[in-house]
1. Looking only at segment 358-405, count every residue that is assigned to a loop (DSSP other than H, G, I, E, B) and either open to solvent by 20 Å² or more (accessible area, probe 1.4 Å) or under 30 Å from ILE219 (Cα atoms) (or both) and tell me the total.
2. Conditions: (1) surrounded by 13 or more Cβ atoms within 10 Å (Cβ to Cβ); (2) without any contact (Cβ under 8 Å) to a residue 12 or more places away in the chain. PRO478 meets all but one. Number of the miss?
3. I need the full set of residues from segment 409-454 which are out of contact with any Lys or Arg (no Cβ under 9 Å at 6 or more places or on another chain) and either assigned to a strand (DSSP E or B) or of a type in the set (Lys, Arg) (or both), in order please.
4. Can you tell me which residues in segment 319-335 are open to solvent by less than 20 Å² (accessible area, probe 1.4 Å) and either without any contact (Cβ under 8 Å) to a residue 12 or more places away in the chain or part of a strand (DSSP E or B) (or both)?
5. Suppose we filter ALA191, ALA184, ALA260 for residues that are of a type in the set (A, V, I, L, M, F, W, C) and open to solvent by less than 60 Å² (accessible area, probe 1.4 Å); which single one remains?
6. Could you check segment 460-471 and list, in sequence order, the residues that are in a loop (DSSP other than H, G, I, E, B) and open to solvent by less than 60 Å² (accessible area, probe 1.4 Å)?
7. What's the total number of residues in segment 219-257 that are within 33 Å of the chain's Cα centre (by Cα), over 23 Å from GLU115 (Cα atoms) and open to solvent by 40 Å² or more (accessible area, probe 1.4 Å)?
8. Provide a single number: the residues in segment 267-282 that are farther than 30 Å from GLY334 by Cα, out of contact with any His (no Cβ under 9 Å at 6 or more places or on another chain) and open to solvent by 50 Å² or more (accessible area, probe 1.4 Å).
Amino acid sequence: APAAKKPAPAAAKKKAAPAPKEGVAPKEEAAPKEEAAPAPAAATEEPPAPKHPPEQPPAPTDESAPIPTEAGAEATPAPAEGSTAAPAEPPAPEPEVEKPKEEPPSCPLSLAVEEVSENSFTLTWKAPEQMGRAGLDGYVVEICKDGSSDWKAVNQEPFLSTRCTVPDLSSGDKIHVRVVAVSASGTSAPATLEQPVLIREILQLPKIRMPRHLRETYIRRVGDAVNIMIPFQGKPQPEVSWSKGGQPLDSSHINIRTTARDTIFYIRQAQRADSGKYELTVHINGAEDKATLDIQVVEPPGPPQNLKLVDVWGFNVALEWTPPADNGNAEIKGYRVQKSDKKSGKWFTVLERCTRTSCTISDLIIGNTYSFRVFSENICGLSDSAAVASGVAHIEKTKTTYQPEKIPQRDMMEPPKFTQPLTDRTTTRGYSTHLFCSVRGFPQPKIIWLKNQMEIREDPKYIALIDQGVCSLEIRKPGPFDGGVYTCKAVNPLGEASVDCKLDVK
């Protein structure tokens, strides 16, 4: 295949032009040389004919290599199609022109001075809210001496850090500072410090030491004195300023006294209008520290409104009301409900800190007439007055007829019957002994004791007792003559019964 291409004079002439251009970077000149000097190229190619054969193999690589080139692509295609390749490439950049232009980012936020020394200072800021679709390339810090309008960039190339130290400054200079955000779509509006930075050494940065109890809402009652001391630190002597809502304080009502180490906030008699957030700022030459003091001045709330006696049934009453018109500048914690009966006229608390605006009162005494009132309560205490229900509740007596339960009468009569008989006993001479048995019957039977079928009458040697149907006979210090058969007989109008036992005395 290469041998067939070599004898062709036309091909040799056209390929001779790109051969010397393999080491040249710009390929845009290839097209004009092929068209402008075809005749001289043929004359000069005849002597170096032997040099072309070894260069023919790399020629195909030249034809495939031009693909990544931009402008030279017109000359690299096959020589026969060189004229048609040129018009095909120009449409490529057209879609890039149609892209919409993106908006630049917004300005950086919270620009502040972190530290100042005798020949430098350090800035900090936060990223802008809108960075654009392409993202940020970084930030550029610019400075300008006070009294001059010549702004100079501190960094030539943008950087992404939100902290920057500006070095090589002269002590005593006042420097204006601004920071811009840079992206592919443009540059943001600058974030600028309101006051110039005075270059001098700060031995100690300003710092507010807010007491722990002042970090939360500080609550006082109307008419109370507000006396707050807040310590701080910083060298040289920092400047202290107070404000409320961005406005300076009313010196005729609020007294501020500042020393080298603390500031005192004093109000002789607090009013509800004194409630709000007070801002304390301590700054030294651009370096500052801020703290917020939240004061809430409260007073007792007003009474509830629209107290109504909704319903009365049985010994129960339902009440409803609405919250007070004035909550005393504090949250309503609940309501206190009280009742009063017409007989005594005294008020008694039924519910404390009822969190709802309705309640049900039960266990009222039937026949009494009751009145009701409700107090509202906040952190300051109960309202000075109460809402009283317009109506009264009369607990009426209900007419009922008592019907005793009819219990059938039962015949309780029963003849005597021994449930526990006597048992034989053996005892020792001179030691008292007892005989026991149990009997039941109604009416209660009469108990008769017998010895050897002879009734034991009033004999001090024998003691007979009966308790809850248990019969006992005590034989005191028996002798041999006391042995024998003992009988317990129970007698009532319905009949009689008896039991026996044998006693041996040894």
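The values are calculated or read from the model by the stated rules, or taken from the named source; none is laboratory data. Being a predicted model, the structure only gives us computed values, none of them experimental. Neighbour counts run over all protein chains shown; Cβ positions are idealised from the backbone, glycine included. Remember, those area values only see protein heavy atoms, side chains included, never the ligands or the DNA or RNA. Shrake-Rupley method; radii C 1.70, N 1.55, O 1.52, S 1.80 Å.
1. 24
2. The one condition PRO478 does not meet is (2).
3. Answer for segment 409-454, where residues must be out of contact with any Lys or Arg (no Cβ under 9 Å at 6 or more places or on another chain) and either assigned to a strand (DSSP E or B) or of a type in the set (Lys, Arg) (or both): ARG410, PRO415, GLN420, PHE436, CYS437, SER438, PHE442, LYS451, MET454.
4. LEU319, TRP321, GLY334, TYR335
5. Selected residue: ALA191, the only one of ALA191, ALA184, ALA260 that is of a type in the set (A, V, I, L, M, F, W, C) and open to solvent by less than 60 Å² (accessible area, probe 1.4 Å).
6. Listed by number, the residues that qualify are LYS461, GLY469.
7. So the count comes out to 11.
8. 1
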